[in-house]
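Below is one structure, written out as structure tokens; the observations come after it.
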Amino acid sequence: MDANRTAFDAVRLRPRVLVDVAEPDPAVRLIGSGLSVPVGVAPTAYHRMAHPDGEVETARGTGVAGALFVVSTFASRTLEDIAASAAGPLWLQLYWLRDRAKLTRLVRRAEAAGFSALVLTVDTPHLGLRRRDLRNGFALDPELAPANLDDQDANLQHQGRDGESALARHAAQAFDASITWADLAWLRGLTTLPILLKGVLTAEDALLAVESEMNGVIVSNHGGRQLDGAVPSLVALREVVAAVGGRIPVLVDGSVRSGRDVFVALALGARAVLVGRPVLWSLAVGGGDGVADMLRLLTREFVQTMALTGRPRVADIDDSAIA
Ligand SMILES: Cc1cc2nc3c(=O)[nH]c(=O)nc-3n(C[C@H](O)[C@H](O)[C@H](O)COP(=O)(O)O)c2cc1C
Ligand SMILES: CCCCC(=O)C(=O)O
């Protein structure tokens, strides 16, 4: 997690001057959707831990800011309720469940509710070793549950033995850790929605994603929550962008905390970024309005960086903008 942040801080900008920057334009199109800014909400579980109305508020605030919302498999509100309060594009993040009938139902509901892409998270065959969750015996509040999995039997609300995390126990029960590249054909055949792979950190896997007819990759080390010591996502971005060679969009997440960071990611070849923890913090503080404020702050900072680097259009942002 620290290395993700350090990688952003290490980048320096090369501003060009005497360029007409009277009206920088931060808007983009991404996988068929128009966005006011190349930013999306990263999938994070259980937004009702941060706000009583959970993902419904996140969707409202994200729509106000003209950004994208990637809804987690572990959303704590139904896909239908989230869609009803969304004013912008929604994508659904998937974990590959052992129960393929359940996975299929999730995809069908996303299609029916108007979700416009799927994001398969591939860095979590098992949950990472999260020592704090083990020490505090992490379990969900009895009020909370994964609203889209009909998993009443999941025992997520029950603390287990000392040193056990209910999340890790549930992941071990529910996730299929045996899937390989060959299994992607099944998902590809299930739906016509675009599919992106989240959690790619190498050129080799990015090439396999292209060969597997995936529609995008999200370069991510899961915010440092999975493989401790993995390469920072901003560093991995360079080799992934080079390998993909513009054939499919590359997104990145991990410690994006300002509009300058958004600019840096785009200069290194990302088409958009996802933001995780700041969404939960702003949701806890101010609900949907808090999320909208945070995303508009990122947008203002991004526009400011475009102006002061002399790159008034998103298409002008390339690696000539960084030292
Ligand atoms: C509390 C929390 C829950 C998360 N839940 C999910 C999830 O359900 N699915 C997923 O693909 N990633 C999940 N992630 C990872 C995020 O999507 C993202 O990759 C990571 O947080 C990096 O972004 P950040 O540094 O801006 O937080 C979670 C991250 C956090 C902090
Ligand atoms: C069982 C997975 C929980 C959500 C997740 O991906 C995370 O906590 O990072």
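Values as computed for the structure displayed
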{"quantity": "Relative contact order %, the chain, counting alpha carbon pairs below 8 Å whose residues are six or more apart", "calculated": "25 percent"}
{"quantity": "222 nm mean residue ellipticity, helices alone, for the chain (DSSP H n ≥ 4; -39,500 (n - 2.57); rounded to 500)", "calculated": "-11500 deg cm²/dmol"}
{"quantity": "FRET efficiency for Asp20 and Gln304, using Cβ-Cβ distance with R0 set to 22 Å, rounded to 0.05", "calculated": "0.90"}
{"quantity": "Residues Thr78 and Thr180, FRET efficiency given R0 of 30 Å [Cβ-Cβ distance, rounded to 0.05]", "calculated": "0.45"}
{"quantity": "Magnitude of the charge dipole, the chain, Cβ model with Lys/Arg +1 and Asp/Glu -1, debye to 20", "calculated": "340 debye"}
{"quantity": "Dipole magnitude of segment 1-85, debye to nearest 20 (Cβ charges: Lys/Arg +1, Asp/Glu -1, about Cα centre)", "calculated": "300 debye"}
{"quantity": "Protection proxy ranking, peptides 245-254, 307-316, average beta carbon neighbours within 10 Å, highest first", "calculated": "245-254, 307-316"}
{"quantity": "Fewest-first ranking of His51, His170, His158, using other Cβ atoms within 10 Å as the exposure measure", "calculated": "His158, His170, His51"}
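None of the figures in this text is laboratory data; all of them are computed from the coordinates on show. These numbers come from a predicted model, not from an experiment. When we count neighbours, we look across all protein chains shown, and the Cβ atoms used for this are built from the backbone with ideal geometry, even at glycine.
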